[in-house]
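Below is one structure, written out as structure tokens, with a few remarks after it.
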Amino acid sequence: MSWINSRRVAIGVALVLLATLPVWIGNPYYINVSSQILLFAVFALALNVLVGYGGLVSLGHAGLFAMAGYTGALMLDAGHGHFVAILAALVVTLATSAVFGVLALRSTGIGFLMITLALGQIVWGIAYRWAGLTNGDNGVNVTTRPAPLGISLASADYFYYATLVVFLIAVATMAVFVRSPFGAALRGTRDQARRMNALGYNVWLIRFLAFLFSGFWSGVAGLLFIYYNQFISPQVSALTTSAEALLMVISGGTATLLGPIIGSALVVIMKNVVSAYIERWNLVLGVIFVLIISFMPEGLVPGSVRLWRTGWQALWSRLSAPAARKTGEQGP
Amino acid sequence: MSLWLTLAVNSIALGGLLFLLSAGFSLIFGLMRIPNLMHGSFFMLGAYFGVSFLAFGINFWLAALASGAAMAVIGGLIERFLLRRLEGQILPQVLLTLGFAFIIADICLMVWTGDPWQPTTPTHLQGAVQVAGLFFPIFRLVIVGVAVVIAIALWLMVDWTRLGAMIRAGVDDAPIARVVGIKVSQLFTLIFALGAALAAFAGVIGAPYLSVYPGLDFEMLPLALIVVILGGSGSLLGALVGSFLIGFLYNFGQAMFPDLAYVILFLPMLLVLVLRPQGLFGKVVS
């Protein structure tokens, strides 16, 4: 039974747990929190493509997230159907990502970060100040959720399942992406840009395509967000959202598939718990940042995962053939 | 006609404030390669400090200086004990400064509440002077004057003093600078504290006309960013030119296209990025 290993068992168990979640959680509030975790996990995975695998830290992804959300919401508001709205949102987000990518990739490192931050602020500026288009601070309501295949997503359960399906597609796409030659090339541009260039790779193009890929999934997450909340306001496009997404990626551990998902769960749960007691989410977010950097610069999950894995493998190697599989590369 | 003139005076005044804000940002970013995302927070916290000092009846300029000094200490401590350990690591630096930006924003909201504060212009600076039949508000002119004086002082310091030479040496080649006996790490703390102080000082003297309110930090940070991208990082001249350019765009944009004023600010930045990525006065960094 060589196809059984700890990794596959874990994935199988996780899938079963996720698929039956509404049954064993029961309470619609927690089901909704789970939907939030999954949709932000899609966002974090998208950001991780750039931060983890590309070594490009973006602080403007809230702009892409909100771009999809606003386009979708405004198209629906104008009376278009869900299919048209979703399609338009994705097209607009891809176009925006292309513009962002062209401009931000004039630089790498700090320059990239600063430019994406400024670009994200442009989207915020439009959402907040151009009241004629975006309704300003009042935001835009999304009155209905779509009904794919005739199934209404109005209830928490069904919306959770729809989010789960999108989430699984996203994870599968990311897994394929990471293992593909293109994923390897992207990691190459992160670690040894000059050598990749000398080997004949078009470093800029690789980064640009990664940016588009990341932008696309950020857009998908943005659409899930407006359907979940049925409302969007300029707050979504603010720097805080980009920072939260970055926290998800970092706290979970960059350049792994699992990291952003765990990070999303951590941040969403913490945000819900903290908000229930005090109104000081920003303070908590800031303190977490400072604590992580000061005491656990590698991120919360990689450390514990490595400990867990070494312990598990030590146990497993006694029971079966040693699983000498190296998973996940650590960023510098 | 007088509308345009008023706009122009406002633009120059805002340009002066932006210079005070972005000069420090540019030095920290250009010389130390630190993306200081709490620079807008220094501005806002400094402004709140100033507002509180003024409420105690302290003289306006004294309040501005005291606020700058307080922020220099805070900035210096953060640099010395936290940022220093992350030298050369961009991502941790970003997270740390961003974390502090959020902490400062929330603390300000707690202490000074969500209502905007607008201190009155000091009495001896109220009113306007008449030049060639046109009226100029004194306070705005004073802001410009202060900015110009500080710009010249900074330029003299960096280009013409022993300290400036040591700073430039530390930036060009830190290990060699250390070998010849320059205490590079102390210099960097000094620059960081200076940048923080300038931002806070600008926050106080800008308070009578910008007012102070939650969210001011993340409104000013992108402006400092644009100025530095426009002018080129580490270049004081670039920061000066960029600041006045943005000052004009902001005021005229707001008068002519109020909905899009904020977005218009970013257009020159985009142009510069496409045509001259190192900024108008920046050096090409290898």
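The values are calculated or read from the model by the stated rules, or taken from the named source; none is laboratory data. Because the structure is a prediction, the values reported are computed rather than measured. Here the Cβ is made from the backbone with ideal geometry for all residues, glycine too, and neighbour counts use every protein chain on show. What goes into the accessible areas is simple: the full protein's heavy atoms, side chains included, and nothing from ligands, DNA or RNA. Shrake-Rupley method; radii C 1.70, N 1.55, O 1.52, S 1.80 Å.
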Choice from B:F252, B:F201, B:F192 showing the highest fluctuation, given a GNM over chain B with Cα pairs closer than 10 Å: B:F252
For chain A, whose charge dipole is built from +1 on Lys and Arg Cβ atoms and -1 on Asp and Glu Cβ atoms, the candidate among A:G109, A:F65, A:N197 with its Cα farthest towards the positive end is A:N197
Nearest-0.05 FRET efficiency for B:V73 and B:L267 at R0 = 56 Å, using Cβ-Cβ distance, is 0.90
Taking every residue in B:101-110, how many Cβ atoms of other protein chains lie within 10 Å of its Cβ, on average? 6
Which of rounded, prolate, oblate describes chain A, given a ≥ b ≥ c as roots of the alpha-carbon gyration tensor eigenvalues and a/c under 1.5 marking rounded, otherwise prolate only if a/b is larger than b/c? oblate
Amide hydrogen neighbours beyond the local backbone of A:F231, cut-off 5 Å, H modeled: A:V142
In nm, spacing of pseudo-spin labels at B:L125 and A:A172 (7 Å Cα→C-beta vector): 6.5
Residue farthest toward the positive end of the dipole of the protein assembly as shown, with Cβ of Lys/Arg at +1 and Asp/Glu at -1: which of B:G215, B:A193, A:A172? A:A172
Chain-alone versus full-assembly comparison, region B:16-49, residues with accessible loss of at least 20 Å² (1.4 Å probe): B:F29, B:R33, B:P35, B:L37
Result row for chain A, helices from DSSP H with C-alpha axial extent 27 Å or more and mean Kyte hydropathy at least 1.0, is A:28-48, A:82-104, A:109-129, A:156-179, A:203-229, A:258-277
For region A:16-238: accessible area per residue (Å², 1.4 Å): 39
In debye to the nearest 20, how big a dipole does region A:16-238 give about its Cα centre with +1 on each Lys and Arg Cβ and -1 on each Asp and Glu Cβ? 720
State in Å² the accessible area per residue of region B:26-153; use a 1.4 Å probe, count heavy atoms of protein chains only, and round to the nearest integer. 43
Relative contact order, percent, region B:2-275 [alpha-carbon distance under 8 Å, six or more residues apart]: 41
Using 7 Å Cα-to-Cβ label points, what is the B:Q186/B:E87 separation (nm, one decimal)? 1.5
To the nearest 20 debye, what charge dipole does chain B have about its Cα centre, counting +1 at the Cβ of each Lys and Arg and -1 at the Cβ of each Asp and Glu? 680
At 27 Å minimum axial length over the Cα atoms and a Kyte-Doolittle cut of 1.0, report the qualifying DSSP H helices in chain B, or say none. B:2-32, B:60-81, B:90-112, B:138-160, B:184-210, B:236-256
A student applying the Cα gyration tensor rule (rounded when a/c is under 1.5; otherwise prolate if a/b is larger than b/c, oblate if not) would label region A:1-121 oblate
Computed [θ] at 222 nm, helices only, for chain A once each DSSP H run of length n ≥ 4 contributes -39500 (n - 2.57): -24000 deg cm²/dmol
Per GNM of chain B with C-alpha springs under 10 angstrom, the most fluctuating residue out of B:T97, B:T189, B:T121 is B:T121
Note down the nm distance, to one decimal, between modelled labels 7 Å out along Cα→Cβ at A:N27 and at B:F257. 5.0
Could you identify which residue out of B:A207, B:A151, B:A169 has the top mean-square fluctuation in a GNM of chain B using Cα springs shorter than 10 Å? B:A169
Taking the Cα centre as origin and putting +1 on Lys and Arg beta-carbons and -1 on Asp and Glu beta-carbons, what dipole magnitude results for the protein assembly as shown, to the nearest 20 debye? 1840
Chains B and A together, accessible area buried on both sides, 1.4 angstrom probe, square angstrom: 3600
Portion, in percent, of the accessible area of region A:16-238 that falls on carbon or sulfur, probe 1.4 Å: 67
Roughly speaking, to the nearest percent, how much of region B:2-275's 1.4 Å accessible area is carbon and sulfur? 72
Over chain B: helical MRE at 222 nm, DSSP H runs n ≥ 4 each giving -39500 (n - 2.57), nearest 500: -24500 deg cm²/dmol
Once R0 is set to 30 Å, what does the formula 1/(1 + (r/R0)^6) return for the Cβ-Cβ distance between A:V287 and A:A198, expressed as a FRET efficiency to the nearest 0.05? 0.10
